[in-house]
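See structure below.
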Amino acid sequence: MKAAVLHEPGGIPRYEDFPDPVAGDGEVIIDVKAVAVENVDKAIAAGTHYASEKYTGRFPAIPAFDGIGALPDGTLVGFGNIRLPYGALAEKSVVPQGSYAPIPDGIDPAVASVMASAVTAMSMKTAAGFVPGETVLVQGATGVAGRLAVKVARLLGAGRVVATGRDDDRLRALGADTVINTAVSDEALAQAYLDARGDGYDVVVDYLWGRPSEIFLRALVPRSFAFGKPTRVVQIGESADAEIALAASSLRTSGVEIYGAAKGLDPQTMAEVYQQIVTWTRSGELTFDVEKVPLSDIETAWQRTDLKGRRLVVMP
Ligand SMILES: NC(=O)c1ccc[n+]([C@@H]2O[C@H](COP(=O)([O-])OP(=O)(O)OC[C@H]3O[C@@H](n4cnc5c(N)ncnc54)[C@H](OP(=O)(O)O)[C@@H]3O)[C@@H](O)[C@H]2O)c1
């Protein structure tokens, strides 16, 4: 079969022949249809992610740990838990029986491969307990996941949506109530967060961490003895940096609460969240910006930096 083959950490996967996977006891061969290439796949392939050792600890390896494909009987499924080295970026992969879930009728495989990014946005409800009317700040709103989070906040009934990014034109196109360009001085950014807060941020969906989140959390510290309004921050991504410095006073005084995106998730909640995303997708209320490329273009596609909020989806 043809596959995207990685030969060393940090390398570029190449379009090459690779031995077909053979199903062992309790395994199923997947005919791969669509694979979203995300930052996490690149970090794993680069050897810089905590899961790098598991997924690409031995070479050659095929990157990407999940995707959309067909079972031998033709059923379209989202699959994961691949058997190494058979990652998803190939014509075929192999997974344990049951390591997949059917894709609902009427959902394009490429769109299905991106729906997990919309699921993360639902953590504003599942992790932070968002209720309609609240003010939501989306950190990293010009990215794929952040753009979806702006839409999800609207669909959930946010009172105000504040969106951050680094490009004024793309920020304006988001349809947020207020936008903040984070590519300014620390002082200007802190002031922008304060100016845009209205009567306070209720929920923050954070795809950035790093400098913008550090400045934001510092800006919430009151300037006098006062009770800070509770602000529930959901940590989802780290596009700006994996680390922040967090002053004790930020937690002590500002009313901020910080959760991981996985808080509140169990199989039933996950199924409900997924169903909600499917419903909005089918009705056209939630749309996904994908750029489909053939597997044969993987070398060029892997190095693309011009996607500007569109998700690269490889169609083997
Ligand atoms: N947990 C999950 O299931 C899950 C799912 C999806 C995403 N994520 C994580 O969420 C994050 C965003 O993912 P994505 O797919 O939306 O990525 P993306 O499309 O590449 O978007 C990245 C966003 O971060 C901004 N950004 C990048 N570097 C920055 C920096 N140094 N300073 C400030 N802003 C910066 C980008 O601004 P510009 O537009 O100006 O470049 C953009 O808004 C990643 O860490 C990803 O791993 C997690």
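Laboratory data are not the source of any read-out in this text; all were calculated from the coordinates shown. Note that the coordinates shown come from a computational prediction; the quantities given were computed from them, not determined experimentally. Here the Cβ is made from the backbone with ideal geometry for all residues, glycine too, and neighbour counts use every protein chain on show.
If each DSSP helix of 4+ residues adds -39,500 (n - 2.57) and the sum is divided by the residues in the chain, what number results at 222 nm, nearest 500 deg cm²/dmol?
Calculated at 222 nm, the ellipticity per residue is -8000 deg cm²/dmol.
Can you give me the P(r) profile for segment 117-260? Cα pairs, bins 10 angstrom wide beginning at 0, each as a whole percent.
Whole-percent P(r) values from 0 Å outward: 13, 48, 35, 5.
Compare Gln275, Gln139, Gln235 in a GNM of the chain, Cα atoms joined below 10 Å, and give the one with the largest fluctuation.
For the chain, modelled as a Gaussian network with Cα springs under 10 Å, the answer is Gln275.
Note down the net charge around Gly309, summing +1 for each Lys or Arg and -1 for each Asp or Glu among other residues with Cβ under 10 Å from its Cβ.
Computed value for this residue: +3.
Anyone know which of Val22, Val293, Val114 comes out most mobile in the 10 Å Cα GNM of the chain?
Judging by the Gaussian network model, the answer is Val22.
Remind me, relative contact order of the chain in percent, using alpha carbon pairs under 8 angstrom and six or more residues apart?
Relative contact order comes out at 18 percent.
Compute the relative contact order of segment 173-244 as a whole-number percentage, counting only Cα pairs closer than 8 Å that sit 6 or more residues apart in sequence.
Worked out over segment 173-244, it gives 37 percent.
How many nm separate the modelled label positions at Glu243 and Asp186, each set 7 Å beyond the Cα in the direction of the Cβ?
Each label point is offset 7 Å from its Cα along the Cβ direction, giving 1.5 nm.
Calculate one ³J(HN,Hα) per residue across segment 220-233 by plugging θ = phi - 60° into the Karplus curve 6.51 cos²θ - 1.76 cosθ + 1.60, and present them in order as whole Hz with x for glycine and proline.
6, 5, x, 7, 8, 5, 7, 8, x, 6, x, 10, 9, 9
May I ask for the equivalent-ellipsoid semi-axes of segment 1-113, computed as the square root of five times each C-alpha gyration tensor eigenvalue and listed largest first in whole Å?
Three semi-axes, in Å: 22, 15, 12.
Need one word for segment 180-288: rounded, prolate or oblate. Basis is the Cα gyration tensor (sqrt eigenvalues a ≥ b ≥ c); a/c below 1.5 gives rounded, then a/b vs b/c decides.
Judged from the Cα gyration tensor, segment 180-288 comes out prolate (a/c at least 1.5, a/b above b/c).
Using amide H atoms built 1.01 Å from N in the peptide plane, name the residues 5+ places from Leu312, or on other chains, whose amide H lies under 5 Å from its own.
Excluding prolines and chain starts, which carry no amide H, the hits are Val37, Glu291.
Considering only DSSP beta bridges with both partners in the chain, what is the antiparallel share in %, to the nearest 5?
Bridges in the chain are about 45 percent antiparallel.
For segment 30-77, what is the convex hull volume of its Cα atoms per residue in Å³?
78
Cut-off under 30 Å on the C-alpha distance; same-chain residues fewer than 8 positions from Lys263 excluded. Which lysines are left, in chain and number order?
Lys42, Lys54, Lys125, Lys151, Lys229, Lys308
Give me Rg over Rh for the chain, both radii from the alpha carbons and Rh done the Kirkwood way, two decimal places.
Result for the chain is an Rg/Rh of 1.00.
Using Cα pairs under 8 angstrom and six or more residues apart, how large is the relative contact order of segment 117-260, in percent?
23
Using a basic spin-label model with each label point 7 Å from the Cα along Cα→Cβ, how many nm lie between Arg304 and Trp280?
2.4
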